[in-house]
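The structure appears below as structure tokens.
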Amino acid sequence: MDYSLFDDTIAAPATVPGTGAVTLLRVSGPEALRIVSDVVRCESKPIDETSAGRIRYGIVYNESDEVVDEVLVSVFKAPRSYTGEDSAEITCHASSFVATEILRLLCAAGARMASPGEFTRRAFVNGKMDLAQAEAVADVISSSSSASLKVAMNQLRGGFSSELKDIRARLLEVASLLELELDFSEEDVEFADRSKLSSLLDEVISHIDNLASSFRFGNAIRNGVPVAIVGAVNSGKSTLLNALLGDERAIVSDIPGTTRDTVEETLVVDGILFRFIDTAGLRSTFDEVEKIGISRSYQKLSEASVVLAVLDLTSSEEENGTLISDIVSKVDLSSQKLIVLFNKSDLLGGNINVTLLNKEVSFIDNKYIKLYISAKTGFGLDELRNALASTQKDISLDSDHAIVTNSRHYEALRNASAALSRVRSSLSSGITPDLLAEDLRDALSYLGTITGEVTPDEVLGEIFGRFCIGK
Ligand SMILES: Nc1nc2c(ncn2[C@@H]2O[C@H](COP(=O)(O)OP(=O)(O)OP(=O)(O)O)[C@@H](O)[C@H]2O)c(=O)[nH]1
Ligand SMILES: [Mg+2]
């Protein structure tokens, strides 16, 4: 029985040939097992007579009957496979030549090379997963911290989709209440349960808005929590970036104004992905290029979740005071965290016991953290890493709700929420139910684009096109 909606068979490497010991080649489609049988010779039964879930040993020969490789073949039968189709996974040796040669033989036997994301697209079309889950496959593959993996895994396992399903179910309830009103409209009956209708709407809107607002956090998890390193010229910002990364990423020199453009690099601290942004030192200048750099510093400062303000302990108190009040005036302490770093503590000599100062991680006005460090010697960097991790602690990953990490989903949620808000205001202004129903349908279809129920082909092409071949 043919479960698939596709009539051709595709093949591609699912691992990168030439790296590692083995390469996995995937074949999927109605002819998959017949094609693999033609290419891989096994003792006793051929591959297409092998039962599902079995692994077979076989030999691949070329047209001149020369051995290409010894391989293992895993056999999957529709609908119990990744794509939902008959599939086989051939494990061969990780030589690019071997992989290319086997793929060539598979294509000669009737397969064609898969395009990017085509296996996952088939899994989606064949109902093995919805669109949000399919997109999570790419997120799991690219996840670079335990937090991003956790969110991607929850989405892959359908956590986000089931929340959307709940929301849709409630909206359908709203729709049916509206229908009721439509039915009775001729009799001029006051709508049976208008208060129930509006409270349902309120609930759904707030649920959608909560999901949408998790995007700021979700985006940070996926792309890294943005941390801007700002301060005066020569205060040691680039030295700090390099010290945190353990890599000479940015140019360091004692010439003030060394860093012109921003330099970004990600790093996992305590399981959280941070994106550090080194910026041009703040000072007044007549240099046009440096001016552009400094305006970028302020831009990055305003976009960051965490601001590291680097002060030079060898500068005058007055200079540092002016600088810190400039930075504080530009930080929004309700949504951004500020950590003030007194750098070059190694130059203080024995006069001040900085270790003691750092022991009681100090808070200025209870609002921001203050730390003594030396970017040069590494002193205080452990405390800094702890402080960074602590800025993200109040955001719990174990909440009951899914976290939105995908800008496409975020847009759809925002649109759905706007459509529902129109329903709510029309409701109170006494607009006829048939007009309300239109906005309600819009909201449902926006939500449907997330899971792929109502997603146009071009959008699907764009989403799966971003996958790599073999996924
Ligand atoms: N002693 C000491 N010197 C440091 C420390 N951090 C940086 N420096 C020195 O200070 C100078 C400036 O360092 P940078 O990292 O280039 O400073 P910056 O803030 O990036 O400077 P701009 O890019 O010009 O804004 C260099 O000579 C560094 O070696 C430190 O903790 N202790
Ligand atoms: Mg610099």
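Readers should treat all values here as calculations from the given coordinates under stated rules, not as data from a laboratory. This is a predicted model, so every value here is computed, not measured. Here the Cβ positions follow ideal geometry from the backbone for every residue, glycine too, while neighbour counts run over all protein chains shown.
Using 1/(1 + (r/R0)^6) with R0 = 35 angstrom and r between the beta carbons of S198 and D247, what's the FRET efficiency to the nearest 0.05?
On the way: r = 57 Å, r/R0 = 1.62.
Efficiency computed from Cβ-Cβ geometry: 0.05.
Cut-off is 10 Å between beta-carbons; in what order do K370, K165 appear when sorted fewest neighbours first? Walk me through the numbers on the way to the answer.
Details: K370 18, K165 14.
Placing the least packed residue first, the sequence is K165, K370.
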Cα gyration tensor category, rounded, prolate or oblate, for the stretch 222-391 with a/c compared to 1.5: rounded
Dipole size in debye (nearest 20) for the chain around its Cα centre, Lys and Arg Cβ +1, Asp and Glu Cβ -1? 1340
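Once the Cβ-Cβ distance between N62 and S144 is put in as r, and R0 is 35 Å, what FRET efficiency do you end up with, to the nearest 0.05?
Numbers: r = 40 Å, r/R0 = 1.15.
Working from the Cβ atoms, E equals 0.30.
Fully extended, how many nm does the chain gain between R216 and N386 (0.36 nm per residue separation, minus their Cα-Cα distance)?
Numbers: separation 170, 0.36 × 170 = 61.20 nm, distance 2.20 nm.
Going from the current span to full extension adds 59.0 nm.
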With a cut-off of at most 15 other beta carbons within 10 Å, and DSSP calling the residue loop, which trypsin sites (Lys or Arg not before Pro) in the stretch 23-120 qualify? Please list them. R54, R80
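For the stretch 402-471, give the magnitude of the charge dipole about the Cα centre (Cβ charges: +1 Lys/Arg, -1 Asp/Glu; no others), in debye to the nearest 20.
Details: 7 positive and 9 negative charges, 65 e Å.
Dipole size: approximately 320 debye.
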Quick one: grab the alpha carbon gyration tensor of the chain, order the square roots of its eigenvalues as a ≥ b ≥ c, and give me rounded if a/c is under 1.5, else prolate or oblate depending on whether a/b is larger than b/c. oblate
Which value, in debye to the nearest 20, describes the size of the charge dipole of the stretch 65-220 about its Cα centre when Lys and Arg Cβ atoms bear +1, Asp and Glu Cβ atoms bear -1, and nothing else is charged? 780
Packing-based exposure ordering (other Cβ within 10 Å, fewest first) of H401, H93, H207: H401, H93, H207
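Looking only at the stretch 137-283, where both bridge partners belong to it, what percent of the DSSP beta bridges are antiparallel (to the nearest 5)?
55
Which percent, nearest 5, of DSSP beta bridges in the chain are antiparallel?
60
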For the pairs K291/K330; K237/K370; K150/K237; K237/K330, flag any whose C-alpha to C-alpha distance is greater than 24 Å. K150/K237
For the charge dipole of the chain, defined by +1 on Lys and Arg C-beta atoms and -1 on Asp and Glu C-beta atoms about the Cα centroid, which residue among L427, V27, V459 has the Cα displaced farthest towards the positive pole? V27
Once you place label points 7 Å from the Cα toward the Cβ at Q299 and T322, how far apart are they in nm? 2.6
Label-point separation (nm) for K376 and S115, each offset 7 Å from Cα along Cα-to-Cβ? 5.8
Whole-Hz ³J(HN,Hα) for each residue in the stretch 413-429, computed from phi via Karplus 6.51 cos²θ - 1.76 cosθ + 1.60 with θ = phi - 60°, x for glycine and proline: what do you get? 5, 4, 5, 5, 5, 5, 5, 5, 5, 5, 4, 5, 6, 5, 4, 6, 8
FRET efficiency for D270 and I292, using Cβ-Cβ distance with R0 set to 35 Å, rounded to 0.05: 0.50
Helix-only mean residue ellipticity at 222 nm, the chain, DSSP H runs n ≥ 4 weighted -39,500 (n - 2.57), per residue, nearest 500. What is it? -14500 deg cm²/dmol
Taking the beta-carbon count within 10 Å as an exposure proxy, list V404, V459 from fewest neighbours to most. V459, V404
What residues qualify as long-range amide H neighbours of D69, i.e. H under 5 Å apart, gap of 5 or more or another chain, H built at 1.01 Å from N? V60
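Take every DSSP beta bridge with both residues inside the stretch 222-391 and express the antiparallel ones as a percent of the total, to the nearest 5. Mind dumping the intermediate values first?
On the way: 10 of 32 bridges.
Here the share of antiparallel DSSP bridges comes out near 30 percent.
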